[in-house]
Structure formats: structure tokens, C-alpha cells
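Only the coordinates and a few stated rules stand behind these numbers; no lab work does. Since we're looking at a predicted model, the values are computed, not measured. Note: ideal-geometry Cβ built from the backbone for every residue, glycine included; neighbour counts use all protein chains shown.
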Amino acid sequence: MKTITVTELRGNIYKLLDEVLNTGIPIEIKKGGKKLKIVPVDKADKLQNLVSRPNAIKGNPNDLVNISWEKEVNLDLP
């Protein structure tokens, strides 16, 4: 969780509110030795932030166990 000062909140309030809404991660504000939190009421959909990886391996992960990498990697270390 990110902790900010009241001055930082005042200067970036719209950006910080959008950040809380988009990520679902609360922000803590420190004021005079006490702390406040900005917390979204609704939970954010974490899957919405996933990045597409078209070159990712699709299939059974157990099929990767017996892959031979000798032709791909030079293991001759000094």
C-alpha cells in the first residue's frame, strides 16, 4: 500500500483516485501523526489488468519437463 502526505494528495487527487479505482489498492494518507485510507467500495477486477501474451506456451505444463535444450543453450562455462 502506498503512503502519501496531505500535500501529495492535494496536488494529485484526481490521479490518485483514478489509481485506487483502477488497481483496487488503497492509498494511505499521513496527517499529523495519524493515518487515513482511501479504499474503493467495489473490488477491482484484477484480471482486467492482464496483458495479452500471444507467444506464451499453451498446453500441458508437464510436456515441458522433457524438453531438450542442449541445441539451444551453450553450457560450456569457464
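Let a ≥ b ≥ c be the square roots of the eigenvalues of the Cα gyration tensor of region 1-41; is it rounded (a/c under 1.5), or, if not, prolate (a/b larger than b/c) or oblate? Because a/c hits 1.5 or more and a/b fails to exceed b/c, region 1-41 counts as oblate. If you look at the Cα atoms of the chain, you get an Rg and a Dmax of 22.5, 63 Å. With a cut-off of 8 Å between alpha carbons and a minimum separation of six or more residues, what is the relative contact order of region 1-41 in percent? Relative contact order comes out at 42 percent. Within straight-line reach of K15, meaning a Cα separation under 21 Å, sit the following lysines at least 8 residues removed in sequence or on another chain: K2, K30, K31, K35, K37, K43, K46. Under a 5 Å amide H cut-off, with hydrogens placed 1.01 Å from N, I29 pairs with I4, L36, K37, I38 among residues at least 5 apart or on other chains. Principal-axis analysis of the Cα atoms of the chain puts helix 6-23 at an angle of about 50° to the longest axis. The helix-based estimate of mean residue ellipticity at 222 nm for the chain, built from -39,500 (n - 2.57) per DSSP H run of four or more residues and divided by its residue count, is -8000 deg cm²/dmol to the nearest 500. By the beta-carbon count within 10 Å of each Cβ, the least crowded to most crowded order of V6, V51, fewest first, is V51, V6.
Derived scalar couplings between HN and Hα for region 51-60 equal 9, 5, 10, x, 8, 5, 6, 10, x, 7 Hz in order, rounded to whole Hz, by the Karplus curve 6.51 cos²θ - 1.76 cosθ + 1.60 (θ = phi - 60°), x for Gly and Pro.
Taking each residue as 0.36 nm, the span from D63 to R10 lengthens on full extension beyond its C-alpha to C-alpha distance by 13.7 nm. Result for the chain in a Gaussian network model with C-alpha springs under 10 Å: among L47, L17, L64, the largest mean-square fluctuation is at L64. Within region 1-41, DSSP assigns beta bridges of which about 55% are antiparallel (rounded to the nearest 5). Counting neighbouring Cβ atoms within 10 Å and putting the fewest first, the residues L9, L50, L21 line up as L50, L21, L9.
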